[in-house]
1. Report, by residue number, each residue of segment 172-224 that is surrounded by fewer than 16 Cβ atoms within 10 Å (Cβ to Cβ) and out of contact with any helix residue (DSSP H, G or I) (no Cβ under 9 Å at 6 or more places or on another chain).
2. Can you tell me which of (1) touching an Asp or Glu at 6+ places or on another chain (Cβ under 6 Å); (2) open to solvent by less than 30 Å² (accessible area, probe 1.4 Å); (3) in a loop (DSSP other than H, G, I, E, B) is the one Met139 doesn't meet?
3. What are the residues in segment 184-229 that are without any contact (Cβ under 8 Å) to a residue 12 or more places away in the chain and among the basic types (Lys, Arg), if any?
4. Only one of these conditions is not met by Glu159: (1) more than 30 Å from the chain's Cα centre (by Cα); (2) open to solvent by less than 70 Å² (accessible area, probe 1.4 Å). Which number is it?
5. Is it the case, given these coordinates, that Arg176 is modelled with pLDDT of 85 or more and either over 21 Å from Leu110 (Cβ atoms) or not small (Gly, Ala, Ser) (or both)?
Amino acid sequence: MILSSSRSELPRRARVSLAACVLLSMGLLGCGGAGAPLFATTSELPEGSRRPDGVAVDPASAPPRARDVANAEAGLVTLRTPLGTEAVLTTVSGFFRAIVNEDMEALEGLFTRDALSISTTYGPSGSSPSAPLFWTQRMRRLDYTRLAGEVVFREVELEVYRAEDALTSSPHPAIRVEALSMGDVVVRVPITTSRVGSDRLLGEEIVLWLRREGERYRIYRLVEDFQMP
């Protein structure tokens, strides 16, 4: 049975070898008669530098300047997000901290360029000096470091008024409602410790008129019942 099986195997192997030879011959003929490629080769590309295809660009216009309020008829507008109460407390706390530390540099950084200190002692006809100059003189005459460790004001007692709240009356006689700009804030600060010993260092209350500059508030007007000794 083994011999019979070997005789039947030989013709099948011969047929496989013949088929392989035919396929190999067809492959060689295909390669030999392919001819030139149908696409451009590197040597046939133009010698000049290639320019990219033109692209239509629609330049983006600059957004409108941010405003606090706008009418519906204004069309496309950019509105600023109102600052929260935390920004108000940051300015108020920084103001009294600079006073107690007698840090005039920090204090000046909290004022606007045209900040004024208004004293109700002299009445509305009295002159209002520059706030940085007025406080520089006060620190030269009085020792505000004596307030260190004292409770100067309490946050829970602050009264905050915003211009956009449609105020019908002024938070203080020295401040006109019509003079408030959108974004302005008026803060009434009752003073807890205004004296140290026999020396009066602060008024019974201080009214701070804050004006927004960027993402913070600066002191635009300071109203206080205080007379320089």
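1. Selection gives Pro173, Arg176, Glu178, Ala179, Arg195, Ser198, Arg200, Glu204, Glu213, Gly214.
2. Going through (1) touching an Asp or Glu at 6+ places or on another chain (Cβ under 6 Å); (2) open to solvent by less than 30 Å² (accessible area, probe 1.4 Å); (3) in a loop (DSSP other than H, G, I, E, B) one by one, Met139 breaks only (3).
3. Within segment 184-229, just Arg195 meets the criteria.
4. Exception for Glu159: condition (1).
5. Criteria not met by Arg176.
The values are calculated or read from the model by the stated rules, or taken from the named source; none is laboratory data. Values in this document were obtained by computation on a predicted structure and should not be read as measured data. Quick reminder, even Gly has a Cβ in these numbers, built from the backbone with ideal geometry, and neighbours come from all protein chains shown. Ligands, DNA and RNA are stripped out before the accessible areas are found, and what is left, the full protein with its side chains, is counted by its heavy atoms. Shrake-Rupley method; radii C 1.70, N 1.55, O 1.52, S 1.80 Å.
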